[in-house]
1. Inside region 21-40, can you point out the residues that are among the polar types (S, T, N, Q), under 13 Å from the mean Cα position of the chain (by Cα) and more than 8 Å from ligand 1 (Cβ to nearest atom)?
2. Within region 49-63, restricting attention to residues that are under 12 Å from ALA232 (Cα atoms) and not polar (S, T, N, Q), which residue is farthest from ligand 1 (Cβ to nearest atom)?
3. If you go through region 31-52 one residue at a time, how many are crowded, with 24+ Cβ neighbours inside 10 Å, within 10 Å of ligand 2 (Cβ to nearest atom) and over 17 Å from LEU125 (Cβ atoms)?
4. Would you be able to say whether some residue in region 80-98 is part of a helix (DSSP H, G or I), surrounded by 18 or more Cβ atoms within 10 Å (Cβ to Cβ) and within 12 Å of ligand 1 (Cβ to nearest atom)?
5. Taking interchain pairs and intrachain pairs at least six residues apart, which have beta carbon atoms under 6 angstrom, with the first residue in region 120-139 and closer than 14 Å to LYS42 by Cβ and touching a residue at least 24 places away in the same chain (Cβ under 8 Å) and the second more than 16 Å from ligand 2 (Cβ to nearest atom) and assigned to a helix (DSSP H, G or I)?
6. What is the one condition in (1) closer than 25 Å to THR144 by Cβ; (2) modelled with pLDDT under 95; (3) of a type in the set (Lys, Arg) that ARG199 does not satisfy?
7. Only one residue in LEU210, LEU200 is surrounded by 17 or more Cβ atoms within 10 Å (Cβ to Cβ), among the aliphatic types (A, V, I, L, M) and more than 19 Å from the chain's Cα centre (by Cα), so which one is that?
8. Go through region 215-232 residue by residue and tally those that are surrounded by 15 or more Cβ atoms within 10 Å (Cβ to Cβ) and in a loop (DSSP other than H, G, I, E, B).
Amino acid sequence: MENTEKQPALGARIVTFANQKGGVGKSTSVVNIAASLGILGKKVLVVDVDPQGNTTSGFGINKKNIAATVYDVLIGRTDAHDAVMKTPFENLSVIAANISLAGAEFELVLADNREARLKKALEPLIPEYDYILIDCPPSLGILTINALVAAHGLVVPMQCEYYSLEGLTQLMTSVKQIKKRFNPELTLTGILVTMYNGRLNLSSQVMDELKKYYSTKIFSTAIHRNVKLSEAPSFGMPVYYYDKHSKGAELYHAVAGELIERI
Ligand code: ADP
Ligand code: MG
């Protein structure tokens, strides 16, 4: 008979960070939230699904020197387990990406089950982690679709700019389609305002508008501009390890705590 008192292992919550616009802070958010989750005692796997590999290099991994990347996993050449790389950061592992992934967009078009390849590949890893965070390229192509089909939750990092709301509406339309066709479980975990400047009138106007439509979905911590956040990647480390006392480290640490409450 089964031991009913034993708590079943919950397994990882998979959270995808997506926004089809580039330069909005997706990779910065993934790197720093992952680091903070690790410091908070969560076992974390980051999956870089952007051929630019900014998240990969943000953890100090040399993009030219990767035994197996997410590309090898997506085309079925490597088991996901074998692509996991340990990092020097607490509780934090990575499946890395580099420019080889650029070909996947094309190759996957003809593959079977092309939308659910990442989901399938990550399934055996779920029992081993508390959180799996996925970073996306700045498009709504097959790589982002794979990341959304694999996810339980979606975090949208966005800047408070005039066109951001239009982009958000477009993204949410795509999410609705993915939910309907491939992944009914997919939920908007939260919208993370990045590079916020409260002194700019436009920032606060867009923020007001955003609150009107997405009130409860907005992370209560907004990420302000902080130079340490832009310096840390060139040292190959998350900001918490680069300058623990910086504003950037403090804000992302708070967001990580909030993420744990949200999913
Ligand atoms: P994305 O992944 O959406 O393309 P990134 O995370 O790479 O965006 O951020 C774009 C650029 O802005 C990077 O050079 C990054 O270092 C910088 N950056 C991101 N967030 C901040 C911030 N809060 N303060 C200062 N610079 C930031
Ligand atoms: Mg990026």
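1. Quick first cut of region 21-40, residues among the polar types (S, T, N, Q) only: 27-29, 32, 36.
From the residues that got through so far, the ones that are under 13 Å from the mean Cα position of the chain (by Cα) too are 27-29, 32.
ASN32 - this is the single residue of region 21-40 that is among the polar types (S, T, N, Q), under 13 Å from the mean Cα position of the chain (by Cα) and more than 8 Å from ligand 1 (Cβ to nearest atom).
2. GLY60
3. 2
4. Within region 80-98, the subset part of a helix (DSSP H, G or I) is 80-83.
Remaining after also requiring surrounded by 18 or more Cβ atoms within 10 Å (Cβ to Cβ): 80, 83.
Now narrow it down to the ones that are within 12 Å of ligand 1 (Cβ to nearest atom): none.
The answer is no, given that none of the residues of region 80-98 is part of a helix (DSSP H, G or I), surrounded by 18 or more Cβ atoms within 10 Å (Cβ to Cβ) and within 12 Å of ligand 1 (Cβ to nearest atom).
5. Between residues of region 120-139 that are closer than 14 Å to LYS42 by Cβ and touching a residue at least 24 places away in the same chain (Cβ under 8 Å) and residues that are more than 16 Å from ligand 2 (Cβ to nearest atom) and assigned to a helix (DSSP H, G or I), the close pairs are TYR131/LEU37.
6. (1)
7. On the way: LEU200 fails: surrounded by 17 or more Cβ atoms within 10 Å (Cβ to Cβ).
One residue alone meets the criteria, LEU210.
8. Adding up the residues that qualify gives 5.
The values are calculated or read from the model by the stated rules, or taken from the named source; none is laboratory data. Treat the numbers as computed from the prediction; the structure is a model and nothing was measured. Don't worry about glycine lacking a Cβ; one is built from the backbone with ideal geometry, like all the others, and counts go over all protein chains shown.
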